[in-house]
Amino acid sequence: MNDVVMKLLAFVVAMICVFILYKVRWKIHFSIRAIIALVVGIIIGYIFKGNTEYVGTVGGIFTKVISIMVIPLVMVSLIKSIYSMSSMNELRSIGVKGVFWLMFQTFLASAVAIFLAVSTKLGQGSSLSVVKGVEQKEVPGFSQVISDLFSNNLFQSMADGKILPVVIFSIFIGIAVVSISSSTDNKLEGFKGFIDDLYVIVIKIITKIVEFLPYAILCLMADTIANSDWSLLRSLVHVIVLAYIGCFFHVLVTESVLISIFAKVSPVRFFKAVFPAQVMAFTTTSSSATLPVAVKCTTENLGVRPTIANFVQSLSTSMGMAGCSGIWPSLLAVFAINMLNGGINPEQIVLILVLCPLISIGTAGVPGGGIMLSTALYLAMGLPVEYISIFVAIDSFVDMARTMTNVTGGMAATLMVDRSEPKQI
């Protein structure tokens with residue numbers, strides 16, 4: 001049977017499963033349908049190995065459609081969030097708390113990864129060699145990164161999908177509105193009304209798009225499994241297993257403890273509320289694309305105020321990132337140190353714990369995700385960056401768990417900030 005026929009057959013089977021999920025949408029809860037879609041997608045991907053091109057196209061369309069709403073959501077929600085706050089003091093309070101919780105979670109995630117790597121002697125006795133032909137990207141200097149946060153062409157930044165320049169521009173607009181409204185008789189009611197109406201429109205569109213999430217999960221997961229190179233994964237199975245254990249431990253245990261103590265919310269309630277966003281993050285491997293769903297989960301299911309949810313979770317797409325900045329770089333750093341020196345010392349452990357939260361800011365907006373963040377940590381610690389090429393083959397596979405961890409951390413930070421603020425916001 002030729003490839004075209006197999007691809008068509010895979011597409012037909014996937015669409016039949018999608019149709020069945022659609023028909024039972026009123027009988028089965030959204031989260032349960034998402035789980036079913038995930039499992040069915042894995043099965044289809046395994047059966048139709050290398051023949052899910054058409055299926056993947058359907059999932060890709062959903063990702064593009066939800067991604068196109070990210071920039072409008074960030075702009076409108078941040079501007080609205082800022083002028084909806086009663087004072088600049090409240091804005092500063094939410095900002096400081098949001099940054100703290102995002103950074104602190106990265107610190108804790110790094111500690112989890114280091115414990116797992118050290119206790120299992122990750123990398124010791126390894127004979128893996130540098131992958132030839134892998135081009136090492138240069139990490140921009142800190143001054144260059146800071147400069148790139150401010151765009152000289154906002155529309156170009158939007159076209160390139162750069163979130164941070166849009167976040168900063170939106171914050172400037174929001175602060176200007178608050179300043180004008182409080183210092184003059186001009187309350188800018190017309191502008192505020194326009195933003196309020198636009199916000200309602202954006203949220204309505206996102207709500208409709210999210211209804212298609214289970215079907216997209218099925219297609220995306222099938223394509224991911226069908227195109228994974230399992231032969232490359234076997235040689236680095238120890239790293240993969242520890243990455244998944246670290247991510248799920250951080251999400252299920254560390255986050256549970258944090259939200260129980262500081263948000264006074266049951267972990268069961270939290271995970272039930274945010275599950276759709278977690279599944280989308282896992283299948284799309286995009287924190288930005290998951291942002292609209294994450295905001296919807298925290299506001300509608302957990303009662304987080306939209307002003308706080310939009311502000312903190314917009315920050316979480318480029319800051320903190322416990323999976324990409326905490327778990328993954330820490331594992332790779334310990335691997336390299338153990339492989340080179342046969343063991344890691346306490347000073348190196350402390351250095352990793354300190355650097356991981358910092359690199360999440362220092363490489364914010366730099367393309368390349370976990371690999372670039374790990375490269376930044378290697379450079380900061382004086383480790384040979386050539387060793388990063390060893391992990392390129394498994395980066396995209398591990399990225400599913402990392403992204404889910406990032407998004408969960410952003411939602412947990414949002415919840416903790418919300419519960420710590422006065423109710424009148």
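Any chance you could count how many residues in the range 310-363 are in a helix (DSSP H, G or I), small (Gly, Ala, Ser) and either on the phi > 0 side of the Ramachandran plot or within 15 Å of the chain's Cα centre (by Cα) (or both)?
Number of matching residues: 7.
So, of the residues in the range 383-424 that are surrounded by fewer than 21 Cβ atoms within 10 Å (Cβ to Cβ) and either basic (Lys, Arg) or touching a Pro at 6+ places or on another chain (Cβ under 6 Å) (or both), which turns out to be farthest from Gln313 (Cα to Cα)?
Step by step, filter the range 383-424, then rank; the result is Lys423.
Going by the conditions given, is Val145 part of a loop (DSSP other than H, G, I, E, B), touching a helix residue (DSSP H, G or I) at 6+ places or on another chain (Cβ under 9 Å), modelled with pLDDT under 80 and of a type outside the set (D, E, K, R)?
no
Rundown of residues vs (1) over 28 Å from Ile20 (Cα atoms); (2) crowded, with 18+ Cβ neighbours inside 10 Å; (3) of a type in the set (Asp, Glu); (4) modelled with pLDDT of 95 or more, yes/no style:
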site: Ile205; (1), (2), (3), (4): no, no, no, no
site: Ile225; (1), (2), (3), (4): no, yes, no, no
site: Trp230; (1), (2), (3), (4): yes, no, no, no
site: Arg234; (1), (2), (3), (4): yes, no, no, no
site: Thr290; (1), (2), (3), (4): no, yes, no, no
site: Cys297; (1), (2), (3), (4): no, yes, no, no
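Looking at Ser256, Ser260 in this structure, which one is surrounded by fewer than 17 Cβ atoms within 10 Å (Cβ to Cβ), at pLDDT 85 or above and in contact with a Pro (Cβ under 7 Å, 6 or more places away or on another chain)?
Result: Ser260 is the single residue among Ser256, Ser260 that is surrounded by fewer than 17 Cβ atoms within 10 Å (Cβ to Cβ), at pLDDT 85 or above and in contact with a Pro (Cβ under 7 Å, 6 or more places away or on another chain).
For (1) in a helix (DSSP H, G or I); (2) at pLDDT 80 or above; (3) surrounded by fewer than 19 Cβ atoms within 10 Å (Cβ to Cβ), each residue gets a yes or a no:
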{"site": "Val131", "(1), (2), (3)": "no, no, yes"}
{"site": "Phe155", "(1), (2), (3)": "yes, yes, yes"}
{"site": "Asp185", "(1), (2), (3)": "no, no, yes"}
{"site": "Phe191", "(1), (2), (3)": "yes, yes, yes"}
{"site": "Asp196", "(1), (2), (3)": "yes, yes, yes"}
{"site": "Lys208", "(1), (2), (3)": "yes, yes, yes"}
{"site": "Tyr215", "(1), (2), (3)": "yes, yes, no"}
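Could you check the range 193-226 and list, in sequence order, the residues that are in contact with a Ser or Thr (Cβ under 8 Å, 6 or more places away or on another chain) and not hydrophobic (A, V, I, L, M, F, W, C)?
Passing the criteria: Tyr199, Asp223, Thr224.
Can you give me the number of residues within the range 269-286 that are without any contact (Cβ under 8 Å) to a residue 60 or more places away in the chain and either among the charged types (D, E, K, R) or buried (at least 24 other Cβ atoms within 10 Å of the Cβ) (or both)?
1
Given Ile28, Ile36, Ile20, Ile44, which one is without any contact (Cβ under 8 Å) to a residue 24 or more places away in the chain and assigned to a helix (DSSP H, G or I)?
Result: Ile20 is the single residue among Ile28, Ile36, Ile20, Ile44 that is without any contact (Cβ under 8 Å) to a residue 24 or more places away in the chain and assigned to a helix (DSSP H, G or I).
Determine whether the range 397-420 contains at least one residue that is polar (S, T, N, Q) and at pLDDT below 80.
no
Could you please let me know if Ala109 is under 29 Å from Ser256 (Cβ atoms), at pLDDT below 90, aliphatic (A, V, I, L, M) and crowded, with 21+ Cβ neighbours inside 10 Å?
no
Of the residues Ala14, Ala37, which is among the aliphatic types (A, V, I, L, M), surrounded by 15 or more Cβ atoms within 10 Å (Cβ to Cβ) and more than 13 Å from Ala226 (Cβ to Cβ)?
Ala37
Within the group Pro346, Pro329, which residue is modelled with pLDDT of 80 or more and buried (at least 24 other Cβ atoms within 10 Å of the Cβ)?
Matching residue, one of Pro346, Pro329: Pro329.
Is it true that Val96 is under 14 Å from Ser316 (Cβ atoms), within 23 Å of the chain's Cα centre (by Cα), assigned to a helix (DSSP H, G or I) and β-branched (Val, Ile, Thr)?
In short, no.
On the basis of being within 26 Å of the chain's Cα centre (by Cα), touching a residue at least 40 places away in the same chain (Cβ under 8 Å) and either assigned to a helix (DSSP H, G or I) or at positive phi (or both), does Gly56 make the cut?
Spelling it out, Gly56 is indeed within 26 Å of the chain's Cα centre (by Cα), touching a residue at least 40 places away in the same chain (Cβ under 8 Å) and either assigned to a helix (DSSP H, G or I) or at positive phi (or both).
The values are calculated or read from the model by the stated rules, or taken from the named source; none is laboratory data. Fair warning: this is a prediction, and the values are worked out from it, not measured in the lab. FYI the Cβ positions are ideal-geometry reconstructions off the backbone, even for glycines, and counts take in every protein chain you see.
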